[in-house]
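Novice: Below: one structure in structure tokens.
The values are calculated or read from the model by the stated rules, or taken from the named source; none is laboratory data. Please read these numbers as outputs of a predicted model, since none were measured by experiment. No Cβ is skipped: glycine too gets one built from the backbone with ideal geometry, and neighbour counts run over all protein chains shown. Note: areas computed on protein heavy atoms with side chains; ligands, DNA, RNA excluded. Shrake-Rupley method; radii C 1.70, N 1.55, O 1.52, S 1.80 Å.
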Amino acid sequence: MLVDEKHTVATLYGMVNVPTGVWIDEHGKIVRPSEVAYVDNRYKALHGIDAQPYLAALLDWLDKGDKSIFAMSADRLREHLNQFTPQNLLADANFKMAQYLVATGHAREAIPYFKTAQSLRPDDWNYKRNAWLFANPDQDYGTNFGKEVKALNGKPYYPAPDLPKAPSSSTRPPE
């Protein structure tokens, strides 16, 4: 488990929510990008994602390494990796400025920077949740977690991992 107080890893790996997993092999090569990584189904009613396919895929990869159907090719991985677009980089710069202001005792002055980061990258739930910790979400942002989830109208705020169909002989973790 990683505690990423400065959101450095989240930025580098394109993580926009938690829990998140990135598969990195023993040679330091990424074989699956940042994606939701639930370890059980205790919150399945909230997000609608079954943890079992991901866990089975992880076990398959641990067993078979780069021969696993769940380890992505370089081309497929490139399609899924965080793109360091000017908009995403500007969002991150605003987020980092907001974090700096909060850390130095200027939480009120951080709000415009948090808002800019959120407007530039509205799919980044890390930006939202972090900002709401240091303010009154309803008053300062006109929203809160519950309202944001409700506004999705049932669309998951975190897409399920893009996993290929496993052969029936694939290892399946216990329920």
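Novice: Given the options P33, P164, P19, state which has the largest fluctuation in a GNM of the chain using a 10 Å cut-off (strictly under) for Cα springs.
Specialist: P164
Novice: Could you tell me which trypsin sites (Lys or Arg not before Pro) in segment 1-68 are loop residues by DSSP with no more than 10 other beta carbons within 10 angstrom of their beta carbon?
Specialist: Those satisfying the criteria are R42.
Novice: A further question follows. Of the GluC sites (Glu not before Pro) in segment 3-40, which ones lie in a loop per DSSP and count no more than 10 other C-beta atoms within 10 Å? Numbers along the way, then the final one.
Specialist: Values: sites: E5, E26, E35; in loops: E5, E26.
Of the GluC sites (Glu not before Pro), the ones in loops of segment 3-40 whose Cβ has at most 10 other Cβ atoms within 10 Å are E5, E26.
Novice: Report in % the part of the accessible area of the chain that belongs to carbon and sulfur, leaving out ligands and nucleic acids; probe 1.4 Å.
Specialist: Carbon-and-sulfur percentage of accessible area, whole number: 58.
Novice: In degrees, nearest 10, range 0 to 90: what is the angle between the Cα axis of helix 86-103 and the longest Cα principal axis of the chain?
Specialist: 60 degrees
Novice: I've got another one for you. Can you compute 3J(HN,Hα) from phi for each residue in segment 138-150, using the Karplus curve 6.51 cos²θ - 1.76 cosθ + 1.60 with θ = phi - 60°, rounded to whole Hz and x for Gly and Pro?
Specialist: Couplings: 5, 6, 8, 10, x, 6, 7, 4, x, 5, 5, 5, 4 Hz.
Novice: Lysines within cross-link reach of K64: Cα-Cα under 25 Å, excluding same-chain residues under 8 positions apart?
Specialist: K29, K165
Novice: Let me ask something else. GNM, the chain, Cα, under 10 Å: largest mean-square fluctuation among V36, V149, V16?
Specialist: V149
Novice: Follow-up. Can you tell me the accessible area per residue over the chain, all protein chains present, probe 1.4 angstrom, in square angstrom?
Specialist: The answer is 61 Å² per residue.
Novice: By how many degrees, between 0 and 90 and to the nearest 10, does the Cα long axis of helix 51-64 differ from the longest principal axis of the chain?
Specialist: So the helix axis and the longest Cα principal axis differ by about 60 degrees.
Novice: Mind checking which lysines have their C-alpha under 26 Å from K115, skipping anything on the same chain fewer than 8 residues away?
Specialist: In chain and number order, the partners are K6, K96, K128, K147, K150, K155.
Novice: On to the next question. Hey, for a label at K165 modelled as a point 7 Å past Cα toward Cβ, could you say which residues of segment 27-70 have their backbone N under 20 Å away?
Specialist: 50-58, 60-61, 68-70, by backbone N distance to the label point.
Novice: While we're on this one: For segment 20-119, what does the equivalent ellipsoid look like in terms of its semi-axes, each the square root of 5 times an eigenvalue of the Cα gyration tensor, given largest first in whole Å?
Specialist: Taking √(5λ) for each eigenvalue gives 34, 19, 12 Å, largest first.
Novice: Enter the mean projected area of the convex hull around the alpha-carbon atoms of the chain, in nm², rounded to one decimal.
Specialist: 11.5 nm²
Novice: Not counting the cut sites, what is the longest span of the chain without chymotrypsin sites (Phe, Trp or Tyr not before Pro) that DSSP labels loop and that have at most 15 other Cβ atoms within 10 Å? Display every interim value, and only then the final one.
Specialist: Numbers: sites that count: Y43, F84.
Excluding the exposed sites themselves, the longest stretch runs over 85-175.
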